[in-house]
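First up is the structure itself, then whatever we jot down about it.
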Amino acid sequence: MKFIDEYRDGEAARKLTDAIHRITTGNWTLMEVCGGQTHAIVKFGIDELLPDGVELVHGPGCPVCVTPLELIDKAIAIAARPEVIFCSFGDMLRVPGSEKDLFMVKAAGGDVRIVYSPLDAVRIARENPDREVVFFAVGFETTAPANAMAVWQAKQLGITNFSILVSHVLVPPAIEAILSSPQNRVQAFLAAGHVCTIMGYTEYEPLAKKYKVPIVVTGFEPVDILQGVYMCVKQLEEGRCEVENQYARSVRKEGNVPARTRIEEVFRIVPRKWRGVGEIAESGLGLTDEYAEYDAEQKFNVAEYTAEEPEECIAGLVLQGIKKPAECPAFATKCTPEHPFGATMVSNEGACAAYYRYRRDSIGEGRSASAGGKSYE
Amino acid sequence: MCLAVPGRIETIEGVDPLLKMGKVNFGGIRKNVSLSYVPEAVIGDYVMVHVGVAISVVDEEEANRVFHYLKEMDELQELGDTLQ
Ligand code: SF4
């Protein structure tokens, strides 16, 4: 497919890999923020092509993984109601709540449906005026325009049997939380290309300055990621800390203005709890007062739920780049994609699931994550 | 979750810019996509689509930049090799 295949070209990837080897003299730790990038890195073995001095650690950028336990419990409580049609992206269904997951609700007779887009949920609400349709609105800035549009359309069309259960998270506050932690060892970031497609990248400039870290807005294909790494390493080697844009074919400095305008109309910034990390100030989106009637937490009275996370799972440390999945004692033993303890094992984009899928065999003795020598084509 | 896939716009429907939809072709698979957030898009443009919503028009010139850059790097390298 155009704009995909050429960015998987082995020759281009090799040239970029050589260039990274040529310029690297120091030891650098880079974090890719987005789970989609983590998936590509592990799948294509990009980390194994890099010089010893360049380490990639995986960031918190999987919205499925960071959705807090109590929100899953709220979803389960709402989905179990007989009048409700509960619509969600497929990967939320297996995320374990305190006691069960949404699949179990479905198996027990709950009307839980997988949809491709929140706009499909609005259509379902229109077609089923005697039912309550709830959409599980998770995601980063990338997904916020679609969810904002769903609520906005419902209001325009006078649909009252539609609401969303919101667990929206924002990337810049998470980056700031990582950088301000005393345990931090990340020296540069690959920022998530599609998040910046919506929001632009001016928000990252004060972060790059304050914490003296290069931030390179990066795409999702192997050539994109390698070029993003190259640009980060080049800045680190030259002692620069700027915001640069590798993914200019999709990202404009100001982002997508019509999408941002709609987000600002429907959502406001709220504190949000991240699974495994805890509450981060101003790190999420919630509905504005004007759209409060579309808030499923209010409609179904579940706002007060709380839940404790299982102790054994170190997903919180994995999400912050402090530990790698293989360092978790439960990895691939007690915790597998069939029986996940933490959300990072559930979602395809979660670091634990990516390692399980592509690296399990090489994580043998010493449980080291690198297999080495893997080629591209 | 943040996956967005490039596809080519084949038709545009709806006069109201806020409810603008279109058919987008993803390597042979066609889907109805909201085009409300890309008012500048025309038929034939490639758009990045995330959960049924187009979020940007792909800039072809920028898309080729990395390959131009790699070519330049090659030429420099060759020049370096000949000079040595
Ligand atoms: S392997 Fe399982 S238990 Fe360990 S951190 Fe990952 S999700 Fe949690």
For the pair residue A:265 and residue A:100, what calculated FRET efficiency results from E = 1/(1 + (r/R0)^6), where r is the Cβ-Cβ distance and R0 = 41 Å, to the nearest 0.05?
0.70
Any chance you could give the angle, 0 to 90 degrees and rounded to 10, that helix B:60-83 forms with the longest Cα principal axis of chain B?
10
Out of A:144, A:19, A:351, any idea which swings most in a Gaussian network model of chain A, alpha carbons joined below 10 Å?
A:19
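With N denoting the number of residues in chain A, provide Rg(C-alpha) divided by 2.2 N^0.38 Å, to two decimal places.
Details: Rg = 20.8 Å, N = 377, 2.2 N^0.38 = 21.0 Å.
Relative to the rule-of-thumb radius for its length, chain A sits at 0.99.
Rounded, prolate or oblate: pick one for segment A:149-300, where a ≥ b ≥ c are the square roots of the eigenvalues of its C-alpha gyration tensor, a/c under 1.5 means rounded, and failing that, prolate if a/b is larger than b/c, else oblate.
On the way: a/c = 2.83, a/b = 1.80, b/c = 1.57.
Judged from the Cα gyration tensor, segment A:149-300 comes out prolate (a/c at least 1.5, a/b above b/c).
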Residue A:327 accessible area, 1.4 Å probe, all protein chains in place, Å² to nearest 10
100
Name the residues whose placed amide hydrogens come within less than 5 Å of the amide hydrogen of residue A:272, ignoring near sequence neighbours (fewer than 5 apart) on the same chain.
A:280, A:282, A:283, A:284
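If you take every residue apart from residue A:281 with its C-beta less than 13 Å away from the C-beta of residue A:281, what net charge results, scoring Lys and Arg +1 and Asp and Glu -1?
Numbers: positive: A:272, A:273; negative: A:176, A:279, A:282.
Cβ neighbours under 13 Å give a net charge of -1.
Determine the shielding of peptide A:244-250 by partner chains: average, over its residues, the number of Cβ atoms on other chains within 10 angstrom of each Cβ. All intermediate terms of the calculation are to be shown ahead of the outcome.
Numbers: counts 0, 1, 2, 5, 6, 14, 12.
Neighbouring Cβ atoms belonging to other protein chains average 6 per residue here.
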Mind jotting down the distance between the C-alpha centroids of segment B:7-74 and segment A:226-265, whole Å?
19
Connecting C-alpha atoms closer than 10 Å in a GNM of chain A, tell me which of A:30, A:165, A:119 has the biggest fluctuation.
A:119
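Can you classify segment A:188-257 as rounded, prolate or oblate using the Cα gyration tensor, where a ≥ b ≥ c are the square roots of its eigenvalues, rounded means a/c under 1.5, and otherwise it's prolate if a/b beats b/c and oblate if not? All intermediate terms of the calculation are to be shown ahead of the outcome.
Working: a/c = 2.51, a/b = 1.19, b/c = 2.11.
Oblate, because a/c is 1.5 or more while a/b does not exceed b/c.
If you roll a 1.4 Å probe over the heavy atoms of the protein chains, what accessible area per residue do you get for chain A, in Å²? Write out the running numbers ahead of the final one.
Working: 14550 Å² over 377 residues.
Each residue of chain A exposes 39 Å² on average to a 1.4 Å probe.
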Given labels modelled 7 Å from the Cα in the Cβ direction, how far is it in nm from residue A:5 to residue B:62?
2.4
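Rounded to the nearest 100 Å², what is the sum over both chains of accessible area buried where B meets A, with a probe of 1.4 Å?
So the total buried area for this chain pair works out to about 3600 Å².
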Value of [θ]222 nm, deg cm²/dmol, for the protein assembly as shown, DSSP H segments ≥ 4, -39500 (n - 2.57) each, nearest 500
-10500 deg cm²/dmol
Might you work out the accessible area of residue A:28 for me, using a 1.4 Å probe with all protein chains in place, and round it to the nearest 10 Å²?
50
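Which FRET efficiency value, to the nearest 0.05, is calculated for residue A:21 and residue A:292 with the Förster distance at 56 angstrom and r the Cβ-Cβ distance?
Working: r = 55 Å, r/R0 = 0.98.
Calculated transfer efficiency: 0.55.
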Report residue A:341's accessible area, 1.4 Å probe, all protein chains in place, as a number in Å² to the nearest 10.
60
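Can you give the % of DSSP beta bridges in segment B:5-83 that are antiparallel, to the nearest 5? Don't skip to the answer; put the middle values down first.
Values: 19 of 20 bridges.
So the antiparallel bridges in segment B:5-83 amount to around 95 percent.
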If the elastic network links every pair of Cα atoms under 10 Å, which of A:222, A:329, A:340 fluctuates the most in the Gaussian network model of chain A?
A:329
For residue A:43 and residue A:307, calculate 0.36 nm times their separation in residues minus their Cα-Cα distance, and state this gained length in nm to one decimal.
91.7 nm
What is the angle, in °, between the Cα long axis of helix A:171-180 and the longest principal axis of the Cα atoms in chain A? Nearest 10 is fine, range 0 to 90.
50
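Of A:74/A:324; A:43/A:324; A:43/A:210; A:234/B:71; A:15/A:324; A:273/B:20, which ones are farther than 25 Å apart at the Cα?
Numbers: A:74/A:324 30 Å; A:43/A:324 16 Å; A:43/A:210 34 Å; A:234/B:71 18 Å; A:15/A:324 28 Å; A:273/B:20 35 Å.
Flagged as over cut-off: A:74/A:324; A:43/A:210; A:15/A:324; A:273/B:20.
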Rough spin-label spacing in nm, given labels placed 7 Å along Cα→Cβ, for residue A:362 and residue A:116:
3.4
Between residue B:32 and residue A:185, the two model label points (7 Å from Cα along the beta-carbon direction) sit apart by a distance in nm of 5.2
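Which of the three applies to segment A:315-360, rounded, prolate or oblate, going by the alpha-carbon gyration tensor with a ≥ b ≥ c and a/c under 1.5 meaning rounded?
Working: a/c = 1.37, a/b = 1.28, b/c = 1.07.
Rounded shape, in that the Cα axes give a/c under 1.5.
Ranked highest first by average number of other Cβ atoms within 10 Å, how do B:62-72, A:147-157 line up? Before the final figure, lay out each step's value.
Values: B:62-72: 14.9, A:147-157: 22.4.
The densest-packed peptide leads the list: A:147-157, B:62-72.
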Given A:128-134, A:46-52, A:313-319, the highest-first ranking by average Cβ count within 10 Å works out to A:313-319, A:46-52, A:128-134
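The values are calculated or read from the model by the stated rules, or taken from the named source; none is laboratory data. All values reported here derive from a predicted model rather than from experimental measurement. Cβ atoms come from the backbone with ideal geometry, glycine included; neighbour counts cover every protein chain shown. Areas reflect the complete protein model, heavy atoms only, side chains present, ligands, DNA and RNA absent. Shrake-Rupley method; radii C 1.70, N 1.55, O 1.52, S 1.80 Å.
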